[in-house]
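Below is one structure, written out as structure tokens; the observations come after it.
The values are calculated or read from the model by the stated rules, or taken from the named source; none is laboratory data. Predicted, not measured: the structure shown is a model, and the values here were computed from it. Don't worry about glycine lacking a Cβ; one is built from the backbone with ideal geometry, like all the others, and counts go over all protein chains shown. SASA here: full protein model, heavy atoms, side chains in, ligands and nucleic acids out. Shrake-Rupley method; radii C 1.70, N 1.55, O 1.52, S 1.80 Å.
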Amino acid sequence: MILFPAIDLKEGLCVRLQQGDPARATVFNRDPAAQAHAFERQGFRHLHVVDLDGAFAGKPMNSAAVDRILETVGLCIQLGGGIRDMATVEGWLEKGVNRVIIGTAAVRDPALVKEAAKKFPKRVAVGLDARDGSVAVEGWAESAELTALELARRFEDAGVAAIIYTDVARDGMLQGLNLDATIALAEAISIPVIASGGLASIDDVKALLEPRARKLEGAIAGRALYDGRLDAEAALALIRTARKK
């Protein structure tokens, strides 16, 4: 089970949104690279980065901040937001991003996901953001006429590295992960699934380590880490202990 700390980028700053609403943004660090370095010092080995402005604009908008993160840390980085064409996929992977996340384009242009996953095995993930069971796109500003499971099944044999499943209603709200829906999705497909949206405390980490969640690859933690509700050292120690069993 991998715990991914999250850095969401808006106008070059490290922020957290509530339910994906740009008007409800809290700035947690004005230096995203310094925040990434802090996560690395805490013992994390992976990092989840989202270019929020890019998700709305449809193209990378926080490249300078991502470049600084790549220069500063040696973490395994997955990046999403505004990745809508092959040139952008290739550009980020060449710069040192370990895995790109394709969200809106997975709905609008599924052929891109399949082409990218074939060209870059195990380095392309699909960001599946759901609101009331339907897929949300364009930085969560719109809903697609598609369920989460329908979208995930499109990529069953495409070589996609992971599905990152976010419950939009819970994101940034500290209400706990929607594990029932996430586990149901993981059990219905063969692609590894990462839980996202609402992780609130060490209890969520414990729940992720229960036998019923064994098919999940990991989870993303955001606001709970920033405001101290989740102690990084305790969470990572819990995961290490579980791995030894």
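Structure values in brief
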item: Antiparallel bridges, percent of DSSP beta bridges restricted to the range 1-109 (to nearest 5); result: 40 percent
item: Length released on extending from residue 210 to residue 57, taking residue separation times 0.36 nm less the Cα-Cα span; result: 51.2 nm
item: For q = 0.18, 0.24 Å⁻¹, Debye-computed log10 I/I(0) when each Cα of the range 16-98 counts as one equal scatterer; result: -0.79, -1.27
item: DSSP-defined beta bridges in the chain - what % are antiparallel, rounded to 5; result: 30 percent
item: Cα-based shape type of the range 123-245, given that a ≥ b ≥ c are square roots of the gyration tensor eigenvalues and the cut on a/c is 1.5; result: oblate
item: Solvent-accessible area per residue for the range 189-245 (1.4 angstrom probe, square angstrom); result: 48 Å²
item: Volume in Å³ per residue [convex hull over Cα atoms, computed for the range 54-186]; result: 113 Å³
item: R0 of 25 Å, Cβ-Cβ distance residue 237-residue 149: FRET efficiency to nearest 0.05; result: 0.15
item: Å² of accessible area per residue within the range 1-114, as computed with a 1.4 Å probe and no ligands counted; result: 40 Å²
item: Farthest toward positive dipole pole in the range 22-181 [+1 Lys/Arg, -1 Asp/Glu at C-beta], among 178, 34, 125; result: 34
item: Ratio Rg/Rh [Cα only; Rh per Kirkwood] for the range 144-210; result: 0.99
item: Under 18 Å from residue 95, Cα to Cα: aspartates and glutamates that are on another chain or at least 8 residues apart; result: 51, 67, 71, 85
item: Candidate lysines for bridging to residue 114, where Cα separation is under 20 Å - those fewer than 8 sequence places away on the same chain excluded; result: 59, 122
item: Coordinate range along principal axes, alpha carbons of the chain, Å, largest first; result: 42, 39, 33
item: The chain, dipole about Cα centre (Lys/Arg Cβ +1, Asp/Glu Cβ -1), debye to the nearest 20; result: 820 debye
